[in-house]
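The values are calculated or read from the model by the stated rules, or taken from the named source; none is laboratory data. All values reported here derive from a predicted model rather than from experimental measurement. Ideal geometry is used to build each Cβ from the backbone, glycine not excepted, and the neighbour counts take in all protein chains shown.
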Amino acid sequence: MGGSPRVLAVNPGGMTTKLAVYEGDERAFEMSVDHSREELAAFPTIPDQLDHRLAAIREALEGAGFADKPFDAVVGRGGLFRSIPSGTYIVNEQMMDDARTGYAGQHASNLGALLAESLRRTLGGNAYVVDPVCVDEFAPEARFSGHPDIERISLLHALNIRATAKKAVRTLDKRLADVNMIVAHLGSGISIAPLRKGRMIDVNNALSGGPFSPERTGALPLIEMFDFMIEKEMDPKRMKRFIAKEGGLLAYLGTNDFREVEERFEAGDERTIEVVRAMAYQVGKEIGAMAAALAGEVDLVVLTGALAKAPFFVDLIRKRVSFIAEVLVLPGENELESLAFGALEVLRGEAEPRVYPTGCAAGGEGQVCW
């Protein structure tokens, strides 16, 4: 295909399917399709939603005039697969099988690989995923939890963290491989990762560790947590929801809407101020811990994600961590852009596509891939 490469990026979420068409670096079309709870409840499992979401995407492309145009690539958000290094991956049968069966759990993002492969059959090009949440580049010492029967796992907002890191080094006019940085993704979940020469060598578990967030408890004191479960007669499944969906600002303030929290903060509500300061304190403390993971050799601290759009919250964090390194704020998540640019790097020959689940570059059998 002549001219700029045309890429379709697809990001399936719990209640939405977001899509964008990029022609080179320029976004030509973007849309978010909303799905009601009743609509999705008709499907017994998340993989069963595939045809329904495909129909919504095709309708959106037809309405925008892209249904009959050729594409160079279709890229989907990566899901809960096997642990792999960061990169852009060719969708293959193993990946799709792991997505369907929920190898590491079922989540709407698992549909990304399935949607990409189905769409590319009619639109053209290759199917890819970029930096799924299961990216694992831990240093060996980061895996130790305190007991050999329980290993720490990598679960993070890898897509936005990696894309933000690439943007950050451009502001320094350096290469990612020459910089040590800490990237804090601040959203409904919080991931704080130290990057050593581009590798994410550690991170708090974004679902159940680190700072509390708008709806997650973060790391709870273990003994007290088990006492609480016994007292409330909670089974493990119920406790997981308590940790991942019913904690943080929602539990303390009755809302996970950060715009409402900001209004209360600015109005001088004492409880809101107390809780927000505590969340900023925990974020700052985690950034400090990740500075130790880099042995204090930190060139940059980067704040990203939706909450980084709030200056009052950013200022609270900056005051705690500016002694570590310069603080750069690159707000927003930009997931569709990150997906598209990951595919564009491959199409332009700037990066090699990887093969799932080895992590090897395509055609690179026999080499060290991790």
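Identify, please: which residue in the stretch 15-34 is modelled with pLDDT of 95 or more and not in a strand (DSSP E or B) and is, among those, surrounded by the most Cβ atoms within 10 Å (Cβ to Cβ)? Among those that are modelled with pLDDT of 95 or more and not in a strand (DSSP E or B), it is Gly24.
Answer with yes or no whether Gly349 is in the same structural domain as Gly76 (by TED's automatic domain parsing) and surrounded by fewer than 17 Cβ atoms within 10 Å (Cβ to Cβ). Walk me through how you get there before you give the answer.
On the way: in the same structural domain as Gly76 (by TED's automatic domain parsing): yes; surrounded by fewer than 17 Cβ atoms within 10 Å (Cβ to Cβ): yes.
Answer is yes for this residue.
For Thr217, the conditions (1) crowded, with 17+ Cβ neighbours inside 10 Å; (2) more than 25 Å from Ala244 (Cα to Cα); (3) without any contact (Cβ under 8 Å) to a residue 60 or more places away in the chain are fulfilled apart from (2). Considering the stretch 300-330, and only residues there that are among the small types (Gly, Ala, Ser) and crowded, with 20+ Cβ neighbours inside 10 Å, the residue that is farthest from His185 (Cα to Cα) turns out to be Ala325. Output the residue which, of all residues in the stretch 221-258 that are in contact with a helix residue (DSSP H, G or I) (Cβ under 8 Å, 6 or more places away or on another chain) and either in contact (Cβ under 8 Å) with a residue 24 or more places away in the chain or among the hydroxyl-bearing types (Ser, Thr, Tyr) (or both), is surrounded by the fewest Cβ atoms within 10 Å (Cβ to Cβ). This residue is Thr255. Total residues in the stretch 176-213 satisfying the condition of being over 18 Å from Asn160 (Cα atoms), free of Cβ contacts under 8 Å to residues at least 60 places away in the same chain and part of a loop (DSSP other than H, G, I, E, B): the figure is 2.
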